[in-house]
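First the structure, in the form of structure tokens, and then the observations on it.
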Amino acid sequence: MAANHIITALAVFGALISAHPAPAQTLGQPTDVEFKAKIDGTAQRYIEMLPSNFDESQPHSLLIAFHGGGSDRWQYAKDPRDECRASRDIAAKYNMIYICPDCRGKGGWMSPRAESDLVQIIKDLRHKYKIDKIFLVGASMGACNVLSFTAIHPELVSGVSAQNALVNYFEFAGESVGEAFGGAPKDLPAVYKKFSAAYWPEKFTMPVAFTVGGKDPLAPPESVRVFDSVLKALGAKELLIDRPDTSHLTNYEDTTAALEFVISNAKSK
């Protein structure tokens, strides 16, 4: 996306946010929820944060936030870093139910078990609450996870925002990925393909927002740039915020703009 296109898009969203200031809402205290995973019977956890004025008789959207590598479910619930704080503030602004899955811990890639856990969490929350739309957000490893899950379960996702992501696991077959998937790419090519969003652009029929840094050594931006161009060619509602001078991080303003984009363009599931 050309730089002037990006600047124009951000100006539009800046005006939109200014015209619709955030209400004085907050999220309640985090609740650490334990559940028994159907796939293997193990005890797994996620964080739940409800709007301060939560009314269970009314429909609410979900914002599910995925932690980065080396962290766990508490990162997006408590960490003051910009990506996490902006996600919490957006959830509060729109009176969303805010969920932070563990994804099987600090090496929590979107593995078959983590995928099953998230489907179960969504099903349980739909049984517990009146759920409208479902949004996913994550940075770094969490961004990879939201894209993987969306490619596999597009019917469950109303919009997705990925900060500093990778879209092809064949290009990043690290030890932690191999442990999560159960083997190397040469041994499990079908699994690596299944979880690589790059192979499934037609699945992204919901609004998608990416943020990338041109100097990111951990998640080089070119694969996301190419993937975004493919989505654009397919007519998807997409936004790419491309910062040529930033590294492996996204600031508060860009994280907010990305989430505002997917929320404003989303349809109920």
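Hydrophobic, long helices, defined as DSSP H runs whose alpha-carbon span along the helix axis is 20 Å or greater and whose mean Kyte-Doolittle value is at least 0.5, occur in the chain at 3-19. Taking a straight line from the alpha carbon of Lys193, these lysines sit under 25 Å away, with near neighbours fewer than eight places off in the same chain left out: Lys38, Lys106, Lys203, Lys232, Lys237. Listed peptides 213-220, 181-188, 85-92 appear in the order 85-92, 213-220, 181-188 once ranked by packing, highest mean of other Cβ atoms within 10 Å at the front. In this Cβ point-charge picture (+1 for Lys and Arg, -1 for Asp and Glu), the range 15-137 has a dipole of about 140 debye about its Cα centre.
Which FRET efficiency, nearest 0.05, do Ser176 and Lys232 yield, Cβ-Cβ r, R0 22 Å?
It comes to 0.10.
The packing ranking of peptides 154-165, 136-147, highest mean first, is 136-147, 154-165, where packing means the average number of other beta carbon atoms within 10 angstrom of each residue. The GNM of the chain, with springs linking C-alpha atoms under 10 angstrom apart, assigns the highest mean-square fluctuation among Ser247, Ser148, Ser111 to Ser247. Here r is the Cβ-Cβ distance between Ser57 and Asp124 and R0 is 22 Å; the resulting FRET efficiency, rounded to 0.05, is 0.70.
Restricting things to alpha carbons, find the Rg to Rh ratio for the range 140-243 using the Kirkwood radius for Rh. Computed over Cα atoms, the ratio is 0.95.
Taking a ≥ b ≥ c as the square roots of the Cα gyration tensor eigenvalues, with a/c under 1.5 meaning rounded and otherwise prolate when a/b beats b/c, else oblate, which class fits the range 40-143? Since a/c reaches 1.5 but b/c is at least a/b, the shape of the range 40-143 is classed as oblate.
Each other residue within a Cβ distance under 11 Å of Val33 adds +1 if Lys or Arg and -1 if Asp or Glu, for a net charge of -2. Whole angstrom only: what separates the Cα centroid of the range 46-103 from the Cα centroid of the range 206-269? Each part's Cα centre sits 20 Å from the other's. Per residue, the average separation of C-alpha pairs within less than 8 Å and at least 6 apart gives the range 151-269 a relative contact order of 35 percent.
Summed over qualifying helices (DSSP H, 4 residues or more, each -39500 (n - 2.57)) and divided by its residue number, the chain shows a 222 nm mean residue ellipticity of -11500 deg cm²/dmol. Counting every C-alpha pair in the chain, the share spaced more than 34 angstrom apart comes to 12%. Taking each residue as 0.36 nm, the span from Glu155 to Glu253 lengthens on full extension beyond its C-alpha to C-alpha distance by 32.4 nm. If you take the charge dipole of the chain about its Cα centre, with +1 on Lys and Arg Cβ and -1 on Asp and Glu Cβ, which of Met206, Ala258, Gln58 is farthest toward its positive end? It is Gln58, whose Cα lies furthest towards the positive end. The mean sequence separation of alpha-carbon pairs under 8 Å and at least six residues apart, normalised by the residue count of the range 87-173, gives a relative contact order of 23 percent. Just need the relative contact order of the chain here, percent rounded to a whole number, with Cα pairs under 8 Å and 6+ apart. After rounding, I find 19 percent.
Rule-based calculations on the coordinates, nothing more; no lab input. Since the model is a prediction, treat every value here as computed from it, not as a measurement. With ideal geometry, Cβ positions are generated from the backbone for all residues, glycine too; neighbour counts draw on all protein chains shown.
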